[in-house]
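The block underneath contains the structure these notes are about, expressed in structure tokens.
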Amino acid sequence: MSGIDVAPGHDDGIPRTSVLFVCTHNSARSIMGEALLREKGGDAYEAHSAGTEPSEVRPLTLRVLEEAGIATEGLRSRSVQEFMGREFDYVITVCDSARQHCPVFPGQGDRFHWGYDDPSAVDGTEAERLAAFRRVFTAISQRIDLFMNATDKRSTADPD
């Protein structure tokens, strides 16, 4: 079976590209990736996120998502263990630590590393910390645009 699944709650039979974003705490970068891909990719993607050492979603993560008009309902920090044994088309690590500690998922999916600085590690005023979250959000958003463009071309490419 390929990692392309029909998303839970959808019974229209349209295959979706499954993507798992992984970070250490699943509190900022991977959550942003999940929310952005869901927003931008719509029904073409099934996006999830998880952490190797999950904690709680950071309030500034939710704030930048809400500022961008992206729904935050249901976003929570989850462990990669919740997804063990599941096939994904793409597993994307977004921090160096997760890259080192991310388990191997079965199947023929691709694994990518998009390294971003941890915005929650920034000290300073709330405005300075918020600016760091916004920078990372913008960078991930741009990368997701490129990713969707590339994966869209792959899925529509003529096999000949």
Likely footprinting exposure, F137, F21, F147, fewest C-beta neighbours within 10 Å first | F147, F137, F21
Between R76 and E39, 0.36 nm times their residue separation minus their Cα-Cα distance comes to what?
-> 11.7 nm
For each of S120, S30, count neighbouring Cβ atoms within 10 Å of the residue's Cβ, then give the residues from fewest to most.
-> S120, S30
Neighbour-limited loop hits for GluC sites (Glu not before Pro), the stretch 48-80 (at most 15 other Cβ within 10 Å; DSSP other than H, G, I, E, B) = E56, E73
Net length gained if the chain between D152 and V122 were fully extended (0.36 nm per residue, minus Cα distance) = 7.3 nm
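Values in this text are rule-based calculations from the coordinates and carry no lab data. Just so it is clear, the model here is predicted, and its values are computed rather than measured. Here the Cβ is made from the backbone with ideal geometry for all residues, glycine too, and neighbour counts use every protein chain on show.
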